[in-house]
Amino acid sequence: MSREMIGYVPQELVVDEKIVLGEYMESLLVESWMSYRILIALDEVGLGEEILEKNIGMLSGGEKVRLSI
C-alpha cells in the first residue's frame, strides 16, 4: 500500500498584488538576517532570484503555486 499524499494548493495568493514579491517575503521573516532563507526556498521550488523583483500580480499561476508550497 502506497502512503502518498495528495493535496490542493490554490493558484491565488491572498495578498495585495501590487506588492513586490521580495518585499512581501522579507516582511514574513522574524529577523532580517534570515533573508538568506528566501533564496534557499526559491531554489527548492525551481525559481530564480529575479522573481523577487516582480509584483505579485505579474506572477504566473504556476509561479504562485510554487511560492505557496
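Evaluate the following for Glu49: is it surrounded by fewer than 12 Cβ atoms within 10 Å (Cβ to Cβ) and of a type in the set (D, E, K, R)? When the stated conditions are applied, Glu49 passes them.
Within region 16-43, being touching a residue at least 12 places away in the same chain (Cβ under 8 Å), surrounded by fewer than 11 Cβ atoms within 10 Å (Cβ to Cβ) and out of contact with any strand residue (DSSP E or B) (no Cβ under 9 Å at 6 or more places or on another chain) holds for one residue alone: Asp16. One residue stands out in region 52-69 among those that are at pLDDT below 95 and buried (at least 16 other Cβ atoms within 10 Å of the Cβ): the one that is nearest to Asp16 (Cα to Cα), namely Ile56.
The values are calculated or read from the model by the stated rules, or taken from the named source; none is laboratory data. Remember, predicted model here, so these are calculated numbers, not experimental data. Note: ideal-geometry Cβ built from the backbone for every residue, glycine included; neighbour counts use all protein chains shown.
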